[in-house]
Amino acid sequence: MTYPHRHPTADHVEKKGIPVHEHTSTGHRTPPASHRRITVTPPEQQPPAVSVWATAQTSPATQRKDRYSPDSTAHPAKMLPAVAAHAIAHYTQPGDLVLDPMCGIGTTLVEALHLGRRAIGVEYEPHWVTVTQTNLDLAHHTNATTIAGRVVHGDARQLSTLLPADLHGQVALVVTSPPYGPSTHGQVSTGTAGVHKHHHRYGNTLDRGNLANIGHHRLLAGFTRILTHTAVFLRPGGHVAVTLRPWREHAELIDLPSHILTCGRQAGLIPTERCVALLARIAENDLVARGSFFQRDFIRKQRNNGLPLHLIAHEDVLIFTKPTTSKATAEKGTPQLQFRDSVHAPLAAA
Ligand SMILES: C[S@@+](CC[C@H](N)C(=O)[O-])C[C@H]1O[C@@H](n2cnc3c(N)ncnc32)[C@H](O)[C@@H]1O
């Protein structure tokens, strides 16, 4: 089996009808224009786009180096920059607008700016809003770009009241990730008192406005509302990329990707692709996992108890598309699940 180290369709932008390779999908920074070696590949010679994204060829720390402030480290569930970069390069063109309604430290926004796209994000926790703003400023200075990036503080379930109405129908791509699976979050330090877990919470755990602090069904209902609002800002034919993975509760598999597919349909979006973003490095003959201490520890204990689990080496990336016609919206599939949201009344689909 061979693996692509570069994603050709993700790597090119059209210039006078000729695809020009501008960056790698592995998170490497684009060299300055004066140093860049530009490869022109005729379209017919380009290998086809594949659904496995080589997004962990370099470590998370290397991908974030010089691009994200040190304060970013404490966020419990940051997206790999190369995952956001790959989605942005693949589904948008320079100058397009990219949105993340739950932007955390602003990975989607920062990677969008570095790729010459405009970006806007929303985040519930004030601290992470500040960190995102710092990261946007950093992108602005290191890239010397005049492209605007903006972060707004608020509850994305009220997205339509947070973002200006003149952005309706303007967003080319949403890249986002819901909060999930706290057992997989955080970092670890070892000392005389033993192993200590830290940085595994988003903020005040009693604050139910943060979707991380409510039960699974309310998380799904809240995320459906966010997608529904998001669809209003998407342009027809625009895409939504949701990165996530299943997690386990008391050894039971919680198949979050399947549930999120239902959320997307309920929001009037059409599921169009299901991709794999690798969290492991592709080596000559193998995949080299980058699993955290807790992930390895969890798997080891489960295996010792007779449950043959595997170390997770990828994220699921669900791609939805906004229908280009209202007829297509009306024909959307019947939802298989109904999610209870006792806090908010149902919101009409866009
Ligand atoms: C999985 S993290 C996203 C991380 C982000 N992709 C990044 O790379 O930093 C989910 C984020 O959603 C935020 N969040 C939770 N509830 C929210 C809400 N109601 N509105 C907006 N953001 C929310 C959390 O605070 C958290 O930062």
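Tabulated values for the structure
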| item | result |
| --- | --- |
| Residue among Leu234, Leu219 that is at pLDDT below 95 and either out of contact with any Leu (no Cβ under 8 Å at 6 or more places or on another chain) or at negative phi (or both) | Leu219 |
| Test: Val131 is within 14 Å of the ligand (Cβ to nearest atom), in contact with a helix residue (DSSP H, G or I) (Cβ under 6 Å, 6 or more places away or on another chain) and modelled with pLDDT of 95 or more | yes |
| Count - residues of region 264-311 that are within 15 Å of Trp53 (Cβ to Cβ) and within 17 Å of the chain's Cα centre (by Cα) | 8 |
| Filter result (in a loop (DSSP other than H, G, I, E, B) and either away from the ligand (no atom under 13 Å from the Cβ) or more than 12 Å from Val131 (Cβ to Cβ) (or both)) within region 54-69 | Ala54, Thr55, Ala56, Gln57, Thr58, Ser59, Lys65, Asp66, Arg67 |
| Residue tally, condition in contact with a helix residue (DSSP H, G or I) (Cβ under 8 Å, 6 or more places away or on another chain), closer than 19 Å to Gly121 by Cβ, within 12 Å of the ligand (Cβ to nearest atom) and not charged (D, E, K, R), over region 209-257 | 11 |
| Among the residues listed as Ala49, Ala84, the single one being of a type in the set (A, V, I, L, M, F, W, C) and at pLDDT 95 or above | Ala84 |
| Matching entry among Thr184, Thr228, Thr243 (being surrounded by 17 or more Cβ atoms within 10 Å (Cβ to Cβ) and at pLDDT below 85) | Thr184 |
| Residues (within 12 Å of the ligand (Cβ to nearest atom), farther than 21 Å from Gly291 by Cβ and either surrounded by fewer than 17 Cβ atoms within 10 Å (Cβ to Cβ) or without any contact (Cβ under 8 Å) to a residue 60 or more places away in the chain (or both)) located in region 70-86 | Asp71 |
| Matching entry among Gly104, Gly116 (being buried (at least 24 other Cβ atoms within 10 Å of the Cβ) and not hydroxyl-bearing (Ser, Thr, Tyr)) | Gly104 |
| Segments classed as strands (runs of 3 or more DSSP E), wholly inside region 212-296, with at least 3 members that are under 22 Å from Leu307 (Cα atoms) | 247-249, 252-254 |
| Residues located in region 87-115, provided they are under 17 Å from Thr230 (Cα atoms), more than 12 Å from the ligand (Cβ to nearest atom) and assigned to a loop (DSSP other than H, G, I, E, B) | Thr92, Asp96 |
| Some residue of region 150-169 being more than 9 Å from the ligand (Cβ to nearest atom), among the basic types (Lys, Arg) and either under 20 Å from Leu80 (Cβ atoms) or at pLDDT 95 or above (or both) | yes |
| Qualifying position, being modelled with pLDDT of 80 or more and among the hydrophobic types (A, V, I, L, M, F, W, C), among Leu347, Leu337, Leu269 | Leu269 |
| Residue list for region 283-297, restricted to those being in contact (Cβ under 8 Å) with a residue 40 or more places away in the chain and either of a type in the set (S, T, N, Q) or surrounded by 19 or more Cβ atoms within 10 Å (Cβ to Cβ) (or both) | Ser292, Gln295 |
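The values are calculated or read from the model by the stated rules, or taken from the named source; none is laboratory data. Note that the structure is a prediction, hence the values are computed from the model and not measured. Here Cβ is always computed from backbone atoms with ideal geometry, including for glycine, and neighbour counts include all displayed protein chains.
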